[in-house]
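Contents: one structure, followed by commentary.
What follows is calculated from the coordinates using simple rules that are stated; it is not laboratory data. Just so it is clear, the structure is predicted and the values come from calculations on it, not from any experiment. Ideal geometry is used to build each Cβ from the backbone, glycine not excepted, and the neighbour counts take in all protein chains shown.
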Amino acid sequence: MAGTGRAPLRDDPNVLVTVTDLEVEFPVGKGAVVHAVSGISFDVAEGETLGIVGESGCGKSTVAKSIIRLNSIKSGSVDYQGHDLAQLEGEALRKIRPDLQMIFQDPISSLNPRRKIRDVISEGLAVWGDEQGSWSQDRIEELMLAVGIDPKFGDRRPHQFSGGQCQRIGIARALALDPKVMICDEPVSALDVSVQAQVLNLLEDMKQRYGLTLLFISHDLSVVKNVSDRIIVMYLGKACEIGNADELYENPRHPYTRALLASIPEPAPTVDPSDGDIEGELPSPINPPAGCRFNTRCRHATDICYREEPVMQQVGDQDHYFACHHPVEVAVGL
């Protein structure tokens, strides 16, 4: 059995990124710290899309930013092709960063408003030059066409584009250095519903065209299911359920996963709509609850949930794990 709150990592030669016991804390003064991520472990195979889902404040974006070292890491490791990114510094970290690129949540504020979009997209190539492929206007125009932006608009600035178009520009910028891993931090949450599907389809097209591995962050489990091969459900800095997207949707065991599934506009048939009726607010990550962190909002909680943190359990022989003292069985077929 794996350690508390941790699913076994796969023994797969195609695994590209392995995160082990990642902990991230942020000081907030007077000796207090925010326990943003508390010992999460997972891996991502080459060509896979791994979704990370949970409500605001669960730590999913912190995990994403920590992988590419935009946050400091308290402990744990992030292995990428034999390199522990958590330990790399200076030039060694700089040389590996082109392989891991990020698309940010707010497409407009993530672009420099004073620069032409042609320059925004080409900035990485201009910095790296021939080390990452020759910089050329043809290359920039190829990227713009790939994401659906007419190259004739290359001299415009970000404020002259819609949110959806700015996100396409952000995708082109991330693709410029031919990354192997693309981290998508809620890439459609700030977009109109009519545009979200277009951007999701674009990401899937780019994944196939450029051979990408995706880490997809979202608070919307219905979106994550449609784009992901595997899903991690996070709550207050910890993983509570991990599994194949279809299996997790059809056979959710953790009460929090069921609550997320019950809250989407068209709830999964394997959950009761009343599962979405969780009460209270997310506890403070400065002082998270002892035992199971979901115990303050779970109607199934008993004394053991307040005393002991649950360990990950496997569902049959599936690549499906959950951490709960009182897992909820699916009403259909069980």
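Under a 5 Å amide H cut-off, with hydrogens placed 1.01 Å from N, Ile103 pairs with Ile183, Cys184, Asp185 among residues at least 5 apart or on other chains. Amide H to amide H distances under 5 Å link Ile68 with no residue, where only residues 5 or more positions off or on other chains count and H is placed in the peptide plane. Backbone phi angles across segment 250-262, fed through the Karplus curve with coefficients 6.51, -1.76 and 1.60 (θ = phi - 60°), yield HN-Hα couplings of 7, 9, x, 10, 7, x, 6, 4, 5, 5, 5, 5, 6 Hz in residue order; Gly and Pro are listed as x. Calculated from the alpha-carbon coordinates, the chain shows an Rg and a Dmax of 20.5, 65 Å respectively. Packing order of peptides 238-249, 110-121, highest average first: 238-249, 110-121 (average count of other Cβ atoms within 10 Å over each peptide's residues). Ordering Val28, Val181 by the number of other Cβ atoms within 10 Å of each residue's own Cβ, fewest first, gives Val28, Val181.
The H on the amide N of Leu16, modeled in the peptide plane, is under 5 Å from the matching H of Val44, Ala45, Glu46, each at least 5 residues off or on a different chain. Treating each Cα of segment 99-199 as an identical point scatterer and summing with the Debye formula, the log10 of I(q)/I(0) at q = 0.14, 0.23 Å⁻¹ comes to -0.48, -1.29.
Among the listed pairs Lys116/Lys180; Lys30/Lys225; Lys180/Lys225; Lys65/Lys116; Lys74/Lys95, a Cα-Cα separation exceeding 32 Å is found for Lys30/Lys225. Largest mean-square fluctuation among Met206, Met234, Met102, in a Gaussian network model of the chain whose springs join Cα atoms under 10 Å apart, belongs to Met206. Relative to the current alpha-carbon distance between Arg115 and Val311, full extension at 0.36 nm per residue lengthens the span by 65.6 nm.
The P(r) of segment 8-100 has a tail past 16 Å containing 57 percent of all C-alpha pairs.
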